[in-house]
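Sharing a structure with you now.
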Amino acid sequence: MLDIYDKLTQTKKIEKDLREGKNVRLTCNNLCGQIVLSELYERLDRTFLIICENSQVADTIYDSLPYFGIDEDTCLYFPATISFSSKDIKPDYALIGERLKTLKSLLKGEGKIIVAPIDSVIGRLISPSVLNASGLELSKNQEMEIDTLEEVLIGMGYTKCDVCDRKGVYSKRGSLLDVFATNLEFPIRINLDWDEISEIKYFDTDTQRTTEALESVEVLPASQTLYHAQCAMHNALFPSPRQLPLATATPQAYGLGGQ
């Protein structure tokens with residue numbers, strides 16, 4: 001691939017412009033473009049944001065990156081948001097979770113290549129300080145009242161239901177609280193014993209039987225908009241150095257746009 005890269009026209013100029021911090025336009029949805037991208041990734045120690053014309057092109061590029069020697073653990077996908085004109089249309093909680101998970105990974109310094117359709121980056125994004133404090137971190141033996149946990153989940157956009165079988169919902173039965181976090185592949189069951197988390201386990205949505213035990217887990221919001229009232233509640237219940245900024249005048253929201 002190195003020989004092909006060196007023979008391609010304008011590759012030296014592209015590399016030079018990137019080293020100087022300039023934005024470049026590169027066709028990545030073909031073989032030559034992906035070869036150039038993989039070589040640039042190897043040569044330049046920096047994070048790449050690949051903005052694509054639509055979701056179909058972004059999907060193609062993202063899926064092809066591992067075939068060109070790029071570690072898939074370093075690749076992140078930032079899907080386009082969806083704006084609704086009707087309240088009858090339910091939010092896509094999987095999409096919300098993927099967007100928040102990608103942004104959270106960037107805050108942690110994870111990911112070297114971010115692939116995004118242009119629709120996903122033209123709107124306003126949540127501020128890093130708010131996003132950094134918005135996740136709910138739960139761990140075994142952590143002191144927690146089940147009513148407090150439920151209140152926080154509601155503030156994060158989760159909806160109570162009878163059976164927790166889809167993303168964005170939770171259910172409560174006695175000392176057990178099930179939640180299907182938007183950022184997790186499987187739902188979790190939290191067992192509280194005397195206001196302390198005694199167990200956290202994944203469970204199967206079909207059989208409702210628990211599977212893998214967890215020592216800790218992070219639950220990201222089920223909404224792309226965090227209001228000041230929710231920030232204030234989170235700060236009061238979980239005081240920490242990562243306090244969320246609070247409103248001083250008119251109601252205002254920190255949002256990612258869309259849902």
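Give me the number: length gained by fully extending Phe68 to Lys160, i.e. 0.36 nm times residue separation minus the C-alpha to C-alpha distance, one decimal in nm.
Between Phe68 and Lys160, full extension yields 28.7 nm more.
What list do you get for Ser134, Ser55 if you sort them by fewest beta carbons within 10 Å?
Ser55, Ser134
For the stretch 43-173, divide the Cα radius of gyration by the Kirkwood radius and give the resulting Rg/Rh value with two decimals.
Ratio value, two decimals: 1.02.
In Å, what Rg and Dmax follow from the Cα atoms of the stretch 43-85?
When restricted to the Cα atoms of the stretch 43-85, Rg and Dmax are 12.5, 45 Å.
Let me ask something else. Determine, for Arg189, Arg43, Arg25, the number of other Cβ atoms within 10 Å of each Cβ, and report the residues in order from fewest to most.
By the 10 Å Cβ count, ascending: Arg25, Arg43, Arg189.
Mean shadow of the stretch 129-187, computed from the convex hull of its alpha carbons, in nm²?
Mean shadow area of the hull around the Cα atoms is 4.4 nm².
By how many nm would the segment from Gln56 to Asp204 lengthen if fully extended, with 0.36 nm per residue of separation less the alpha-carbon distance?
Result: 50.2 nm gained on full extension.
If the viscosity is 1.002 mPa s and the temperature 20 °C, what translational diffusion coefficient in µm²/s does Stokes-Einstein give for the stretch 101-141 when Rh comes from Kirkwood over Cα pairs?
The estimated diffusion coefficient comes to 176 µm²/s.
Something else now. Straight-line reach from Lys13: which lysines fall under 17 Å, measuring Cα to Cα and dropping same-chain residues less than 8 apart?
Correct list for Lys13: Lys22.
What are the lysines whose alpha-carbon lies under 29 Å from the alpha-carbon of Lys167, with same-chain residues fewer than 8 places away excluded?
Leaving aside lysines fewer than 8 places away in the same chain, those within reach of Lys167 are Lys87, Lys90, Lys101, Lys104, Lys108, Lys112, Lys140, Lys201.
Coordinate-derived values only; no laboratory data. Predicted model, so just to flag it, every value in this text is computed and none were measured. A quick note on method: Cβ atoms are made from the backbone with ideal geometry, for glycine too, and the neighbour counts reach across all protein chains shown.
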